[in-house]
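Novice: The structure is given below, and queries will be raised subsequently.
The values are calculated or read from the model by the stated rules, or taken from the named source; none is laboratory data. Predicted, not measured: the structure shown is a model, and the values here were computed from it. Neighbour counts run over all protein chains shown; Cβ positions are idealised from the backbone, glycine included.
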Amino acid sequence: MATVDIEEQDPLSGQGGGRNMQEDDENRGCCVKFQETVSRWMLPEDSRNTYLERANCCPPPIFIILISAAELAVFIYYAVVGKPQSQWMTLEREIWDSPLTYQPEHREEAWRFISYMFVHAGVEHIAGNLIMQLLLGIPLELVHKGFEVGMVYLAGVLAGSLASSIFDPLSPLVGASGGVYALMGGYFMNAVVNFREMIPVLGVFRILVILLIVGTDMGFALYRRFLSNDEGLRVSFVAHIGGGIAGMTIGYVFFSNYNKKLLKDPRFWFCIVGYIVFLLFAVLFNIFLSPANS
């Protein structure tokens with residue numbers, strides 16, 4: 001029987017295999033560290049192990065990326081392609097003629113109650129919304145997937161425009177703040193309710209950061225609405241509040257039910273019924289009672 005001389009084998013083959021295994025371990029290590037960070041920020045302790053066992057990027061956070069790309073594309077169109085603006089910090093009156101913008105006098109065009117989220121009033125406006133929804137939406141979507149995040153986001157957008165049509169009925173509306181505030185509202189409530197189960201320092205930091213962002217943004221929104229001399233900036237701020245309330249109810253239920261049967265949670269049905277009642281009231285108000293009718 002022929003003997004095999006180990007020294008005659010290619011000495012590089014083992015080394016190459018070792019290098020590949022080391023690279024795979026490093027890649028896997030980076031992925032695991034990223035997922036661990038996401039779990040610490042997004043989930044209470046009793047759900048982290050389950051998440052890490054299932055964690056992967058398939059499907060990727062496609063909803064929040066696509067919706068952000070669409071909003072950016074519409075902004076670029078109105079700033080450059082459609083009717084070029086003299087400057088980008090505040091887009092001029094042309095955006096108010098867009099079929100996407102919510103205008104009280106065009107409330108019968110029902111798509112405007114959703115489509116206004118694609119139109120933004122300037123660079124500061126769209127940059128703030130995109131940064132917040134990407135920073136918060138991507139980790140949320142990694143944990144809860146696109147359907148849940150999409151439902152919360154769109155519920156906030158619709159709640160924002162409906163609330164604006166009731167409490168600020170004569171003001172136009174642009175921007176995705178309703179959806180952004182819905183994500184923040186759901187995440188905020190989850191952080192507050194599960195505070196004891198999360199890392200205390202992270203819990204305090206998250207709550208303080210959200211309160212700081214909301215306080216600053218609402219301050220600017222109120223200034224633009226009531227004190228700004230620029231007519232193009234005088235848009236409704238009520239969508240922020242409507243979106244935030246949608247997030248703190250529907251968003252909280254979605255984001256606090258990781259690895260649980262959502263349809264068996266009575267809080268889910270309570271929030272859904274409440275949202276439908278609000279929707280019906282808003283529709284009836286806009287048809288029969290709105291000052292915009294005159």
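Novice: With the condition kept exactly as written, say whether any residue in segment 169-176 is touching a residue at least 12 places away in the same chain (Cβ under 8 Å) and assigned to a helix (DSSP H, G or I).
Specialist: Looking through segment 169-176, none of the residues is touching a residue at least 12 places away in the same chain (Cβ under 8 Å) and assigned to a helix (DSSP H, G or I).
Novice: Right, another one. Being farther than 16 Å from residue 69 by Cβ and of a type in the set (Phe, Trp, Tyr) is the filter here, so list the residues in segment 99-154 that pass it.
Specialist: 102, 111, 113, 116, 147 - these are the residues of segment 99-154 that are farther than 16 Å from residue 69 by Cβ and of a type in the set (Phe, Trp, Tyr).
Novice: Further question on the same structure: With the checklist (1) surrounded by fewer than 23 Cβ atoms within 10 Å (Cβ to Cβ); (2) touching a residue at least 24 places away in the same chain (Cβ under 8 Å) in hand, flag the one item residue 222 doesn't pass.
Specialist: Looking at each condition in turn, residue 222 falls short on (2).
Novice: From the set of residues in segment 63-94 that are under 14 Å from residue 176 (Cβ atoms) and buried (at least 18 other Cβ atoms within 10 Å of the Cβ), which is modelled with the lowest pLDDT?
Specialist: Ranking the candidates gives 75 first.
Novice: Also, I was wondering about something else. Looking at (1) in contact with a helix residue (DSSP H, G or I) (Cβ under 8 Å, 6 or more places away or on another chain); (2) farther than 23 Å from residue 160 by Cα; (3) of a type outside the set (Asp, Glu), which is the only condition residue 213 fails?
Specialist: Looking at each condition in turn, residue 213 falls short on (2).
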